Amino acid sequence: MVAKLTADQQRRAGEIRQFQTVVEHVAKLVAELDSNRAAKATFIDNLCESIARQLSQLRQRALTSGIGTIADVAGAM
């Protein structure tokens with residue numbers, strides 16, 4: 001038997017899917033950073049800035065959506 005989700009549950013499930021997408025993107029950026037350790041400093045700085053920006057945006061979205069645990073983890077990174 002499949003349970004129907006309420007509108008609020010569907011919204012929260014969509015938010016969590018968006019969080020997962022951002023985390024997957026950040027993981028790819030971290031892997032790229034790891035594989036390019038000998039790259040120019042500007043390239044490494046750009047990757048680090050992109051990672052920090054993505055995590056900051058993730059934290060802000062998590063704070064506004066009321067999902068505190070995700071916000072705490074993203075803030076700590």
- Looking at the stretch 1-40, which of the residues that are assigned to a loop (DSSP other than H, G, I, E, B) and not basic (Lys, Arg) is farthest from residue 57 (Cα to Cα)? 1
- Scan the stretch 31-60 and report the pairs whose first residue is small (Gly, Ala, Ser) and whose second residue is surrounded by 11 or more Cβ atoms within 10 Å (Cβ to Cβ) and part of a helix (DSSP H, G or I), with Cβ atoms within less than 6 Å and a gap of 6+ or a chain change. 50/29
- Query: Tell me, which residue of the stretch 33-71 that is within 30 Å of residue 8 (Cα to Cα) and of a type in the set (D, E, K, R) is nearest to the chain's Cα centre (by Cα)?
  - Reply: 59
- Query: Mind checking whether some residue in the stretch 19-40 is modelled with pLDDT under 90 and under 14 Å from residue 65 (Cβ atoms)?
  - Reply: yes
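The values are calculated or read from the model by the stated rules, or taken from the named source; none is laboratory data. All figures in this text were calculated on a predicted structure; none of them were measured in a lab. Methodologically, a virtual Cβ is constructed for each residue, glycine included, from the backbone with ideal geometry; neighbour enumeration extends over all protein chains shown.
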